[in-house]
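The values are calculated or read from the model by the stated rules, or taken from the named source; none is laboratory data. The structure presented is a predicted model; accordingly, all values stated were derived computationally and were not measured. Here Cβ is always computed from backbone atoms with ideal geometry, including for glycine, and neighbour counts include all displayed protein chains. Just the protein is used for accessible areas: all its heavy atoms, side chains included, with ligands, DNA and RNA removed. Shrake-Rupley method; radii C 1.70, N 1.55, O 1.52, S 1.80 Å.
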Amino acid sequence: MPEAATSLRTRVGVADLADIGRGAAVLGTGGGGDPHIGGLLAGAAMRAHGPVDLAPLEDLPDDAVVLPVAMMGAPTVMVEKLPSADQVGRAIRVLTDHLGLEVTHLACIEAGGVNSLIPFVGAAELGLPLLDADGMGRAFPELQMVLPTVYGIRGTPMSIVDEKGNSGVLDTVDNRWAERFARSVTIDMGCSAMISNYWMTGAQARRALVPGTLSLAARIGRTLTAARTSGDPAGAVADLLGGTVLFTGKVTDVARRTTTGFARGEARLDGTGTDAGSELLLEFQNEFLVAVRDGRTVSTVPDLICALDTQTGEAVRTEGLRFGHRITVLAAPCDERWHSPAGLALAGPRVFGYESDPVRATPHDVPTPTEAHP
């Protein structure tokens, strides 16, 4: 993600949320929940409490106390069961009361989807700066799949609260058990909940987080707006992310189910334009995991696989896939730490049950028009 290094060093107001949300939907790689929901909550909090200061990760002092806050659950449920704004602050207070800590900065644990904007709610309400960074540089479906886990940072103690007023604190032996217990509690809470976890010092955050991801989301949003007139918004986003357009086509079949707290399934696309005559299969677990073109895998996690509306460039989430939708699929490189042995052991394709090593898309994976239509 070569464009992620530049921070905005700015104050974020209500007018900025739309661009961040649209860019975060792209980084969500089909999952992460609907940023529009987070935008509504963040906008209400900012109108009540004022704008939020974005803090560059590189300026964070060693003794800072950083606390991420996020939603957890199935995206298919989040669009119907909206959270309440007070859940965000309550998740933070439950954990800080348990730990006896005074938080200096809030953080996003994932830049993709709704969780790019949920921390703005807490930052506005509590008057705290928000780090221009996140824990993965994209979205992943499971709680332990964050770079802080690679650095040995514990995901617990963690708080979990629901809209009914229930709350709890989990303390587990490792981050995989944190995912297992928190997923069970989230299902009991109605398949969506608010959590706060992975508290870390400033020194730990500088090592373990991905810098500049909220700034990147804002730039993606602005790029989409500017590229609409050029007629190639997906190409513009691929260029910004250093990625590749994999396929343009029409959705012909979607198989989707919500099981064990996840949205799982696959979608098939028939190619259009230069991709006519080819088929792309997209498999997902909340997020897109694998892209298979005409029986050959062309991209896998941990790299980003994103589906965009071909005409508008708006990101298409897995819960929004429908028959006849014309979309363009692109692949983009993830933070390189995800391709380390520790990163692949946490979120590589074998973790999701695939019998293959990661596949990284290159422009050579995309047939030229001549190759596609001899």
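Things to note:
- Leu131 being within 20 Å of the chain's Cα centre (by Cα) and either closer than 30 Å to Ala332 by Cβ or modelled with pLDDT of 95 or more (or both): yes
- Residue match in region 178-196 (condition: over 25 Å from Leu40 (Cα atoms) and not in a helix (DSSP H, G or I)): no
- Residues in region 197-215 that are open to solvent by 40 Å² or more (accessible area, probe 1.4 Å) and in a strand (DSSP E or B): Thr201, Pro211.
- Within this structure, Gly235 fails the test of being closer than 26 Å to Met136 by Cβ, assigned to a loop (DSSP other than H, G, I, E, B), out of contact with any Asp or Glu (no Cβ under 8 Å at 6 or more places or on another chain) and modelled with pLDDT under 95.
- Test result for Leu143, farther than 20 Å from Gly32 by Cα and among the hydrophobic types (A, V, I, L, M, F, W, C): no
- Unique match (being open to solvent by 10 Å² or more (accessible area, probe 1.4 Å) and over 21 Å from Val351 (Cβ atoms)) among Val88, Val103, Val69: Val103
- Among the residues of region 258-310, those identified as within 23 Å of Ala236 (Cα to Cα) and out of contact with any strand residue (DSSP E or B) (no Cβ under 7 Å at 6 or more places or on another chain) are Thr274, Ala276, Glu287, Pro302.
- Residue in region 128-145 that is out of contact with any strand residue (DSSP E or B) (no Cβ under 7 Å at 6 or more places or on another chain), open to solvent by 50 Å² or more (accessible area, probe 1.4 Å) and of a type in the set (D, E, K, R) present: no
Each row is one residue, and each column tells you yes or no for (1) among the basic types (Lys, Arg); (2) touching a Leu at 6+ places or on another chain (Cβ under 7 Å); (3) farther than 23 Å from His36 by Cα.
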{"site": "Glu287", "(1), (2), (3)": "no, no, no"}
{"site": "Arg293", "(1), (2), (3)": "yes, yes, yes"}
{"site": "Thr312", "(1), (2), (3)": "no, no, no"}
{"site": "Leu321", "(1), (2), (3)": "no, no, no"}
{"site": "Arg326", "(1), (2), (3)": "yes, no, no"}
{"site": "Cys334", "(1), (2), (3)": "no, yes, yes"}
{"site": "Pro341", "(1), (2), (3)": "no, no, yes"}
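- Taking the criterion of being farther than 30 Å from Cys191 by Cβ and open to solvent by less than 10 Å² (accessible area, probe 1.4 Å), the only residue of region 286-312 that qualifies is Val298.
- Among the residues of region 40-62, some residue qualifies, meaning at least one is at positive phi and surrounded by fewer than 24 Cβ atoms within 10 Å (Cβ to Cβ).
- Residues that are among the β-branched types (Val, Ile, Thr) and either touching a helix residue (DSSP H, G or I) at 6+ places or on another chain (Cβ under 7 Å) or in a loop (DSSP other than H, G, I, E, B) (or both), drawn from region 291-317: Val298, Thr300, Val301, Thr310, Thr312, Val316
- Number of positions in region 99-120 that are assigned to a helix (DSSP H, G or I) and in contact with a Pro (Cβ under 9 Å, 6 or more places away or on another chain): 7
- Candidates Leu224, Leu269, Leu282, Leu240, filtered to the one that is more than 27 Å from Glu355 (Cα to Cα), outside any loop (DSSP other than H, G, I, E, B), open to solvent by less than 20 Å² (accessible area, probe 1.4 Å) and not hydroxyl-bearing (Ser, Thr, Tyr): Leu224
- Residue pairs meeting the criteria (Cβ under 7 Å; at least 6 apart or on separate chains; first at positive phi, in region 273-295; second of a type in the set (Phe, Trp, Tyr) and open to solvent by less than 60 Å² (accessible area, probe 1.4 Å)): Asn286/Phe262
Conditions (1) closer than 24 Å to Asp62 by Cα; (2) among the basic types (Lys, Arg); (3) modelled with pLDDT of 95 or more, marked per residue:
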| residue | (1), (2), (3) |
| --- | --- |
| Ala123 | yes, no, yes |
| Thr149 | yes, no, yes |
| Met158 | yes, no, yes |
| Lys164 | no, yes, no |
| Trp177 | no, no, yes |
| Ala182 | no, no, yes |
| Ile195 | no, no, yes |
| Tyr198 | yes, no, yes |
| Ala203 | yes, no, yes |
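- When region 151-183 is filtered for residues that are closer than 28 Å to Arg317 by Cα, in contact (Cβ under 8 Å) with a residue 40 or more places away in the chain and open to solvent by 50 Å² or more (accessible area, probe 1.4 Å), only Glu163 remains.
- Residue in region 72-82 that is assigned to a loop (DSSP other than H, G, I, E, B) and farther than 29 Å from Leu321 by Cβ present: no
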